[in-house]
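Report on the structure given below.
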Amino acid sequence: MFPTKEDIVAEAVAEVSCARVYNASIYLSQVDRRLKERLWRTGRDPLRVSEAELKMLRWLALDELITEAVLRIKVRVNIEQARVSSKDVNDELAQFERRFGSAQQLDEAMAAQGIGSRKELRLRMQARLEQEKYLMSKIRASITVSDEEAKTWYDDHSEELTTSEQRRVRHLFIATLGRSSDEVKQILAGHLESIKAGNSSIENLAASVSEDEGSKGAGGDLGWMLKDRLPGDFAAYTFTMPLNQPNLIRTKLGWHIIEVTEIRPPELQPYEKMKAEIMTSLSDLRRKQAIDQYRHQLRLLNHEKVEIYRQLLD
């Protein structure tokens with residue numbers, strides 16, 4: 001009726017239990033499965049991990065499992081703050097099942113995670129949703145972003161939020177690979193004279209003259225372009241040319257007739273237009289920190305209900 005500490009440890013070792021949380025066991029098999037999941041997510045081979053690192057990762061896995069066990073108990077006791085509807089669970093389950101090509105693939109994935117049935121899968125989904133809802137109820141105040149905070153962030157990051165100048169460009173292109181550069185230049189120079197005289201246009205000539213398969217069917221249109229996403233020799237001309245004045249240029253690939261058809265100057269979107277996105281981003285940044293902090297506090301408050309048996313992990 002009154003077991004000694006040695007008796008408790010001996011019983012835990014006998015049932016291969018690494019820890020107990022409120023007297024519920026966490027088994028070595030659970031720790032090793034969590035360790036495998038961690039290595040799999042990071043694309044690492046367990047056979048290539050040193051013994052010292054495996055030991056550290058096993059302790060990290062146990063720490064996660066203990067925190068999750070405490071959280072499950074906390075949710076169970078405060079279920080009214082965490083209850084989710086059947087529809088929420090069904091929607092989550094349906095979304096999960098759509099990741100798999102067939103029922104067999106789903107069953108294989110469940111078996112790999114130690115899930116014995118669809119009913120158990122549903123219960124696990126429900127438990128996860130309840131935990132997420134409970135956690136959100138505890139951290140909502142700390143992740144809420146005020147209008148003033150969002151505006152301050154906007155002002156402090158205005159330079160980063162300003163879009164770069166964009167230019168819409170069309171061209172005719174003939175490659176110099178295996179050809180005389182002067183010969184190619186002369187061909188395009190003749191077309192440029194015709195264009196400047198108003199007798200033709202890049203749009204009309206693209207299909208029959210240009211060798212750029214990506215744009216010749218669109219009248220030579222290359223769309224909107226950013227300077228830092230273009231080859232240096234092409235960008236050097238394109239982002240210094242005046243609007244609607246086609247010119248002949250040489251790049252390492254060949255000769256082009258280039259025309260800038262539209263220019264969008266650098267622009268900072270108004271705060272009101274970006275407000276919702278900024279608030280969401282700042283809230284997301286705070287969420288992980290708030291969850292980690294709450295989990296840590298939960299462990300500290302319940303440390304007396306956690307027993308760890310080092311013998312098995314060591």
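Over the chain, dividing the summed -39,500 (n - 2.57) contributions of all DSSP H runs of at least 4 residues by the number of residues returns a 222 nm mean residue ellipticity of -18500 deg cm²/dmol.
Along its principal axes, segment 169-214 has C-alpha extents of 31, 23, 18 angstrom, given from the largest down. For segment 128-257, the Kirkwood estimate of the hydrodynamic radius, built from every pair of different alpha carbons, is 18.5 Å. Each residue of segment 140-145 was assigned a 3J(HN,Hα) from its phi angle through the Karplus expression (A = 6.51, B = -1.76, C = 1.60, θ = phi - 60°), giving 3, 5, 7, 10, 6, 9 Hz with x at Gly and Pro.
Pick out which of Arg118, Arg76, Arg140 has the largest mean-square fluctuation in a Gaussian network model of the chain, springs linking Cα atoms closer than 10 Å. Answer for the Gaussian network model of the chain: Arg118.
The shape of segment 91-156 can be summarised by an equivalent ellipsoid whose semi-axes, obtained from the alpha carbon gyration tensor, come to 38, 15, 9 Å from longest to shortest.
Which of Gly178, Gly217, Gly43 moves the most in a Gaussian network model of the chain with Cα springs under 10 Å? In the Gaussian network model the winner is Gly178. Computed over all pairs of different Cα atoms, the Kirkwood value for the hydrodynamic radius of the chain is 26.4 Å. Placing +1 on each Lys and Arg Cβ and -1 on each Asp and Glu Cβ, with no other charges, gives segment 242-309 a dipole about its Cα centre of roughly 180 debye. Note on the chain: antiparallel DSSP beta bridges, both residues inside, total approximately 95 percent of the bridges counted. Relative to the longest principal axis of the Cα atoms of the chain, helix 147-156 runs at roughly 50 degrees. When only the Cβ of Lys, Arg, Asp and Glu is charged (+1, +1, -1, -1), the dipole of segment 43-111 relative to its Cα centre reaches about 160 debye. Size estimate for segment 176-314 follows the Kirkwood approach: the inverse of mean 1/r over distinct Cα pairs works out to 20.7 Å.
Segment 77-136 and segment 168-244 have Cα centres spaced 56 Å apart.
Taking Cα atoms only, the orientation of helix 5-14 departs from the longest principal axis of the chain by about 60 degrees. Dividing the radius of gyration of the alpha carbons in segment 106-195 by their Kirkwood radius gives 1.47 for Rg/Rh.
Angle of helix 271-301 to the longest C-alpha principal axis of the chain, folded into 0 to 90 degrees and rounded to 10: 20°. Here is the P(r) of segment 45-136: all C-alpha pair distances, binned every 10 Å from 0, give 14, 32, 32, 19, 2 in whole percents.
Taken together, the values in this text are just the output of simple stated rules run on the coordinates, not laboratory data. Remember, predicted model here, so these are calculated numbers, not experimental data. Backbone-built Cβ (ideal geometry, glycine too); neighbour counts: all protein chains shown.
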